[in-house]
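Q: Shown below is the structure under consideration.
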Amino acid sequence: MNIRICLLPGDGIGPEIVNQAVGVLDRVAAKFGHTITTTSALIGGIAIDTTGIPLPEETITQCQKADAILLGAVGGPKWDTIDPAIRPEKGLLGIRKALGLFANLRPATLFKELTSASYLRPDIIGQGLDIMVVRELTGGAYFGEPRGETVVNGERAAFNTMIYTESEIERIVHVACKIAMKRGKRLCSVDKANVLDVSRLWREVTIRTAAQYPEIQLSHMYVDNAAMQLIRDPSQFDVLVTENLFGDILSDEASIITGSIGMLPSASMGTTGPALFEPIHGSAPDIAGQDLANPLATILSVAMMFRYSFNLTTEALAVEQAVHKVLAQGYRTGDIYVGQGTKVGCSKMGTLVAEALA
Ligand code: IPM
Ligand code: MG
């Protein structure tokens, strides 16, 4: 297969982890006889420094021309005081919106090799963990209008709008149902329908959409309870579907119970066009440039790319098995090191996974 990938390394540890993922991509290409060509484009803080804005037009064009996109991370303290309209994060939000990437899949799975790195008690985490968080990615409070600052009774006030249309809810619930059908057929929709009007519509539309999948067992949970249940008994969940902001928060929570946010990949997809793959963690400026980052979430994002963009399941499994093998051999980056095994840096970890593929 001929595959064109647009790389968006971004800021902080982004370039380091993307570099390691490219090493793995090259190895997969060689092993399975694919031709993978990569281009690189600017996003986030590096784009601001180079062009003045976080998402140059050229980056959108490059992404549109690719078959898939691999992103590192954006942001850092350097741009924290910049005009909010051009913050690095706007680059990430902008590319999601520009490419219509409304469905964000964030699998939280426990690597059995890393059970001891989990923050949960062994009797809880021992029940296993295999959750797919399906997060709506181009709506809700992140993009809702009106938004901004105003003056109320002589003092500053700020506001955002959490808004969803029926069709926006329908399409993400369809994605979640299709995924649930390939898994345990249990779907839990997370909302705040006891308080928010937007959640009441969310629930109504979710019920009628999921009814088209009679085999699916649909349940609903308020977001505060869901946050608690994820810690109390994560094994109860199969697929979670939720709106943008709730999904942002819950997916971080789901990831950390696996031991490290440095392990979890994600896929962001639209109806057509290239999908975008990225680790769910941020740019970790505190460890950037020191060869300390965990490249596994980005490498596992490459596995998701093979699976979801190219339907290359064997290649996806090969990457995942290579990661398991390296972990089983005891290699750990700092974030997943709990006193045993061999501590390695970012590039060594990437090389080990690439070698494990051979
Ligand atoms: C994520 C991140 C982003 C988000 C930030 C960096 C804009 O936290 O991908 O989860 O909030 O969506
Ligand atoms: Mg987040």
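Q: Can you name every one of the helices (runs of 4 or more DSSP H) wholly within segment 1-91 that holds 2 or more residues which are within 27 Å of Arg147 (Cα to Cα)?
A: On the way: elements: 14-32, 45-51, 57-65.
Of the helices (runs of 4 or more DSSP H) lying wholly inside segment 1-91, those with at least 2 residues that are within 27 Å of Arg147 (Cα to Cα) span 45-51, 57-65.
Q: Within segment 141-159, how many residues are among the aromatic types (Phe, Trp, Tyr) and either part of a strand (DSSP E or B) or in contact with a His (Cβ under 6 Å, 6 or more places away or on another chain) (or both)? Quick ask: steps written out before the conclusion?
A: Residues of segment 141-159 that are among the aromatic types (Phe, Trp, Tyr), as a first pass: 142-143, 159.
Those still in the list that are either part of a strand (DSSP E or B) or in contact with a His (Cβ under 6 Å, 6 or more places away or on another chain) (or both) too: 159.
Summing the residues that are among the aromatic types (Phe, Trp, Tyr) and either part of a strand (DSSP E or B) or in contact with a His (Cβ under 6 Å, 6 or more places away or on another chain) (or both) in segment 141-159 gives 1.
Q: Grab the strands (runs of 3 or more DSSP E) fully contained in segment 234-338, keeping just those with 1 or more residues being assigned by TED's automatic domain parsing to the domain that holds Ile207 and more than 15 Å from ligand 1 (Cβ to nearest atom). Walk me through how you get there before you give the answer.
A: Values: elements: 239-242, 265-269, 275-279.
Because the criterion is at least 1 residues that are assigned by TED's automatic domain parsing to the domain that holds Ile207 and more than 15 Å from ligand 1 (Cβ to nearest atom), the strands (runs of 3 or more DSSP E) in segment 234-338 that meet it are 239-242.
Q: Look at Gly128 and say whether it is more than 16 Å from ligand 1 (Cβ to nearest atom) and either closer than 28 Å to Gln236 by Cα or open to solvent by 60 Å² or more (accessible area, probe 1.4 Å) (or both). Working first, answer last.
A: On the way: more than 16 Å from ligand 1 (Cβ to nearest atom): yes; either closer than 28 Å to Gln236 by Cα or open to solvent by 60 Å² or more (accessible area, probe 1.4 Å) (or both): yes.
Here the answer is yes, as Gly128 does meet what is asked.
Q: Test of understanding: among Val198, Val190, which residue is buried (at least 17 other Cβ atoms within 10 Å of the Cβ) and in contact with a Ser or Thr (Cβ under 8 Å, 6 or more places away or on another chain)? So that I can check it myself, show each step before the final result.
A: Working: Val198 fails: in contact with a Ser or Thr (Cβ under 8 Å, 6 or more places away or on another chain).
Just a single option satisfies the conditions, and that option is Val190.
Q: Quickly run through segment 72-91 and pick out the residues that are open to solvent by 40 Å² or more (accessible area, probe 1.4 Å) and more than 17 Å from Leu137 (Cα to Cα).
A: As a first pass, look at segment 72-91 and keep what is open to solvent by 40 Å² or more (accessible area, probe 1.4 Å): 77-78, 80-87, 89-90.
Matches in segment 72-91: Pro77, Lys78, Asp80, Thr81, Ile82, Asp83, Pro84, Ala85, Ile86, Arg87.
Q: Which residue pairs have Cβ atoms closer than 9 Å, lie 6 or more positions apart in sequence or on different chains, and pair a first residue in segment 275-301 that is free of Cβ contacts under 8 Å to residues at least 24 places away in the same chain with a second residue that is within 12 Å of ligand 1 (Cβ to nearest atom)?
A: Asp286/Gly12
Q: Does Leu101 satisfy the condition of being under 20 Å from Thr271 (Cβ atoms) and either touching a Gly at 6+ places or on another chain (Cβ under 8 Å) or in a helix (DSSP H, G or I) (or both)?
A: Criteria met by Leu101.
Q: Okay, moving on. When segment 160-201 is examined, which residues are found to be part of a helix (DSSP H, G or I) and either of a type in the set (Gly, Ala, Ser) or under 22 Å from Gln236 (Cα atoms) (or both)?
A: In the first step, residues of segment 160-201 are kept if they are part of a helix (DSSP H, G or I); the result is 166-181, 197-201.
Those that are part of a helix (DSSP H, G or I) and either of a type in the set (Gly, Ala, Ser) or under 22 Å from Gln236 (Cα atoms) (or both): Ser167, Ile172, Val173, His174, Val175, Ala176, Cys177, Lys178, Ile179, Ala180, Met181, Ser199.
Q: Something else about it: Just wondering, is there one or more residues in segment 206-226 that are within 16 Å of ligand 2 (Cβ to nearest atom), open to solvent by 10 Å² or more (accessible area, probe 1.4 Å) and modelled with pLDDT of 95 or more?
A: yes
The values are calculated or read from the model by the stated rules, or taken from the named source; none is laboratory data. As the structure is a prediction and not an experimental result, all values here were calculated from the model. Quick reminder, even Gly has a Cβ in these numbers, built from the backbone with ideal geometry, and neighbours come from all protein chains shown. Ligands, DNA and RNA are stripped out before the accessible areas are found, and what is left, the full protein with its side chains, is counted by its heavy atoms. Shrake-Rupley method; radii C 1.70, N 1.55, O 1.52, S 1.80 Å.
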